[in-house]
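The values are calculated or read from the model by the stated rules, or taken from the named source; none is laboratory data. These numbers come from a predicted model, not from an experiment. Quick reminder, even Gly has a Cβ in these numbers, built from the backbone with ideal geometry, and neighbours come from all protein chains shown.
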Amino acid sequence: DTAVSQTPKYLVTQMGNDKSIKCEQNLGHDTMYWYKQDSKKFLKIMFSYNNKELIINETVPNRFSPKSPDKAHLNLHINSLELGDSAVYFCASSPTGLTGELFFGEGSRLTVL
Amino acid sequence: AQRVTQPEKLLSVFKGAPVELKCNYSYSGSPELFWYVQYSRQRLQLLLRHISRESIKGFTADLNKGETSFHLKKPFAQEEDSAMYYCALSGGSNYKLTFGKGTLLTVNP
């Protein structure tokens, strides 16, 4: 099944913990992204990577560290989780960085208690 | 800077009625505009893009550069159109798709 897949789908954790969300795409795309969707359903870009290189970092706190071991994977590690980090995190990929056609994962719902 | 504004958070219409979801943008260059849709319990997916000038599921959207708008329209709404709709803008070579805040469309029977 060709797609963008994220794990885990749900994550509940305590404030101060460190957690990771993994993303993999088997579409052969060059560019991958992380978006954050807050409680009001606002979608905001966090990072974009092209061929494993960081292209966009949208003033995201240093506690968030993306890692792209290869162009098919883009993982998101979050240190010292805060209540405000609770959101749905979407991974996406696109064949190039310019077309605007993104293929999204199903999202990972993070709840920080 | 690029910005997308969707003035309506919620839009409710009856089945068979026309529907228009508004989108305005701000961008100094030549933008590419898109509409994305998220049905309940499904992933966000591309609905249509202005370059294609196509009709998808009965929806159309025309880019109006004078009014900096890209409104999504459908003449006769169906219940299965109920979803969250996002307008998005891609500009330049910055690998960034900027989304509006979304409009939740509910089509009532």
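Here A:Ser94, A:Ser39 are screened, and the one residue that is more than 9 Å from chain B (Cβ to nearest Cβ), small (Gly, Ala, Ser) and more than 19 Å from A:Pro8 (Cβ to Cβ) is A:Ser39. Given (1) hydroxyl-bearing (Ser, Thr, Tyr); (2) farther than 15 Å from B:Leu104 by Cα; (3) under 10 Å from the mean Cα position of the chain (by Cα), where does B:Tyr36 come up short, assuming only one miss? Unmet condition: (2). Among the numbered conditions (1) more than 12 Å from the chain's Cα centre (by Cα); (2) surrounded by 19 or more Cβ atoms within 10 Å (Cβ to Cβ); (3) free of Cβ contacts under 8 Å to residues at least 40 places away in the same chain, the only one that A:Lys40 does not meet is (2). With the structure loaded, tell me whether A:Ser48 is within 12 Å of chain B (Cβ to nearest Cβ) and at pLDDT 95 or above or whether it fails that test. Spelling it out, it is not the case that A:Ser48 is within 12 Å of chain B (Cβ to nearest Cβ) and at pLDDT 95 or above. Among the residues of segment B:65-94, write down those that are in contact with a Phe, Trp or Tyr (Cβ under 8 Å, 6 or more places away or on another chain) and of a type in the set (Phe, Trp, Tyr). Once the filter is applied, which keeps residues that are in contact with a Phe, Trp or Tyr (Cβ under 8 Å, 6 or more places away or on another chain) and of a type in the set (Phe, Trp, Tyr), segment B:65-94 yields B:Phe70, B:Tyr85, B:Tyr86. Check off (1) of a type in the set (Ser, Thr, Tyr); (2) within 14 Å of another protein chain (Cβ to nearest Cβ); (3) surrounded by 16 or more Cβ atoms within 10 Å (Cβ to Cβ) for A:Thr13 and give me the number that stays unchecked. Of everything listed in (1) of a type in the set (Ser, Thr, Tyr); (2) within 14 Å of another protein chain (Cβ to nearest Cβ); (3) surrounded by 16 or more Cβ atoms within 10 Å (Cβ to Cβ), A:Thr13 misses just condition (2). The requirement of being of a type outside the set (Ser, Thr, Tyr), touching a Phe, Trp or Tyr at 6+ places or on another chain (Cβ under 9 Å) and at the interface with chain B (Cβ under 9 Å from one of its Cβ atoms) is not satisfied by A:Phe64. Per this entry, A:Gln25 is counted among residues that are more than 10 Å from chain B (Cβ to nearest Cβ), among the polar types (S, T, N, Q) and buried (at least 19 other Cβ atoms within 10 Å of the Cβ). Taken over segment A:64-113, the criterion of being surrounded by 15 or more Cβ atoms within 10 Å (Cβ to Cβ) and of a type in the set (A, V, I, L, M) is satisfied by A:Ala72, A:Leu74, A:Leu76, A:Ile78, A:Leu81, A:Ala87, A:Val88, A:Ala92, A:Leu98, A:Leu102, A:Leu110, A:Val112. Applying the set (1) more than 10 Å from chain A (Cβ to nearest Cβ); (2) of a type outside the set (S, T, N, Q); (3) crowded, with 20+ Cβ neighbours inside 10 Å; (4) closer than 30 Å to A:Tyr89 by Cβ to B:Ala88 leaves exactly one unmet item: (1).
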